[in-house]
Amino acid sequence: MQPAPSARPAPEGRGAASEPPGPGPVPVSTSNSAPAPGHVLVVDDDPTVSEVVAGYLAGAGYEVARAADGPAALECFARRRPDLVVLDLMLPGMDGFEVCRRMRAHGRVPVIMLTARGDEDDRILGLETGADDYVTKPFSPRELVLRVDSVLRRAHAAPVPAGRSAPLRGAGLVLDPAARSATRQGGALALTLREFDLLAFLLRHPGRVFTREELMSEVWGWDFGDLSTVTVHVRRLRGKVETDPARPELIRTVWGVGYRLDLPQGDEPAGPENGSAGPGHVLTAPEDEPAVPGETS
């Protein structure tokens, strides 16, 4: 099967990459003498998709290994631990969820999931198993490379600058940006990379409403992308920090605008960058529907 040309994305399914490689075999490593920005493992049972993704990543300077199924992916992972894994969800024998769980059992590694399934339950399950991001097929390989760049920048971020490394506190939460550790009421919180960054950002700006576009730009570092990514992360984060996630009192939905973190009265400011938009009229959507009118997730 051949990938569809970029002007006409492939129909959803196994034909995932919407831009074809050039003629001839696609290299999976770069011969450039400059050091590659990282080693990426691409796991997809569709050879065309795997070839296209590997070619674009190699063109961006990454070293790339490829695997066609779960067991082969775990062998590659054990042989040389990658800096990031691009992991197809629909693999034969062992699906991407299980592969991700087994990799995560050996320690932290950033994972971007590829899926032909746009169902929100799949996205939530992918995030729950530790994926840092997901891309729905069909997709642009160029966008995927940007996603890889973004996830690795945050995973390998430089030490937190002075003034931003002080612990963030509020509503029984304590986040240490330097150690990237989080607790709630003294108990450890298991947050993914994006959940930590999202919660830290909100704690730095209590009382201020942010649209999903603003959160995607400030937390994810993207100027484009699926806004439901923000919705899913907020929902997952509420499940870890709210007493009753179905009736959130900390991360509130401001209907028609976005999300706002409300600290209990008497709480000290969360950090040096916090700002407050002051009290406002808040309508909390019981099911956390997206805050942009006319959109669904």
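In this label model, Ala155 and Met94 are separated by 1.8 nm, measuring between points 7 Å along each Cα→Cβ vector. Available extension along the chain between Ala190 and Arg81 is 37.0 nm, counting 0.36 nm per residue and deducting the alpha carbon span.
Residues of the stretch 64-86 with an amide N closer than 14 Å to a point placed 7 Å from the Cα of Arg102 along the Cα-to-Cβ direction: 67-79. For the pair Ser217 and Gln265, label points projected 7 Å from Cα toward Cβ lie 3.5 nm apart.
For Glu242 and Glu143, the difference between the fully extended length at 0.36 nm per residue and the C-alpha to C-alpha distance is 32.3 nm.
Using a 10 Å cut-off on Cβ atoms, rank the peptides 93-104, 228-239, 180-191 from the highest mean neighbour count down.
Details: 93-104: 18.0, 228-239: 21.2, 180-191: 13.7.
In descending order of packing, they fall as 228-239, 93-104, 180-191.
Looking at the calculated P(r) for the stretch 187-244, what percent of the C-alpha pair distances fall above 14 Å? Here the long-distance tail beyond 14 Å is 54 percent of all Cα pairs in the stretch 187-244.
FYI, it's all coordinate maths here, none of it is from the lab. All of these numbers come straight from a predicted model, not from anything done at the bench. A quick note on method: Cβ atoms are made from the backbone with ideal geometry, for glycine too, and the neighbour counts reach across all protein chains shown.
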